[in-house]
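Enquirer: Pasting a structure here, questions to come.
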Amino acid sequence: MVGAVSRSRYAQIVAELRGVTGQQTQGQFTIGDRALEIEPIRPCSSRATGATRPAAQSLARLAEDLGLPVTTIQQARWTASRWPADRRRKTESFTVHRVLAGIEDEQERFAAIDELPDGKTHWTVDDATQRLGTQGKTPAAQQGTTTVITPRPGA
């Protein structure tokens, strides 16, 4: 037994949810790809010339029109920019791609996702975070946000 279900039922549930996770990953990459289409990531100097209005305005509008937080749009856009469609690994979650996107060197990043952790059949977020180490920063860190993890009482 696994929890309240048999091992075979658990395996069925995992297979079903991997499909759902794949759909969610595809959806998040689609959001990122379309956000990149609306606002390509440009060198910082293009903003200084006044050649384009700030990306924040159009991304905020897109987020509002979709009913999503603007940070979701920004993270999806950044992640999609780091993972061209032909380099994405369909068996890995969007979150794993987002974490590994923090690897600055493009070739190292593309190789990393194909180098599964020892003895594993897929990446976990913890594995990706450990792989990243001190090589780069996630989008949240680049935007200057901090996540505080507070232990539960009695934990």
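Enquirer: Give the calculated FRET efficiency between Ala11 and Asp105 to the nearest 0.05, with a Förster radius of 25 Å applied to their Cβ-Cβ distance.
Expert: My answer for the efficiency is 0.10.
Enquirer: Can you pull a Stokes-Einstein diffusion coefficient for segment 54-123 at 37 °C (0.692 mPa s), Rh from Kirkwood over Cα pairs, as a whole number of µm²/s?
Expert: 246 µm²/s
Enquirer: What number in nm² do you get for segment 1-127 if you take the convex hull of its Cα atoms and divide its surface by four?
Expert: 10.0 nm²
Enquirer: Could I ask something else about it? Hey, got a sec? Which trypsin sites (Lys or Arg not before Pro) in segment 65-126 land in a DSSP loop and have at most 14 other Cβ atoms within 10 Å?
Expert: Lys90, Lys120
Enquirer: Another one. Any idea of Ile13's accessible area? Nearest 10 Å², probe 1.4 Å.
Expert: 50 Å²
The values are calculated or read from the model by the stated rules, or taken from the named source; none is laboratory data. Quick caveat, the model's predicted, so the values are computed rather than measured. All Cβ positions, glycine included, derive from the backbone under ideal geometry; neighbour counts span all protein chains shown. Ligands, DNA and RNA are stripped out before the accessible areas are found, and what is left, the full protein with its side chains, is counted by its heavy atoms. Shrake-Rupley method; radii C 1.70, N 1.55, O 1.52, S 1.80 Å.
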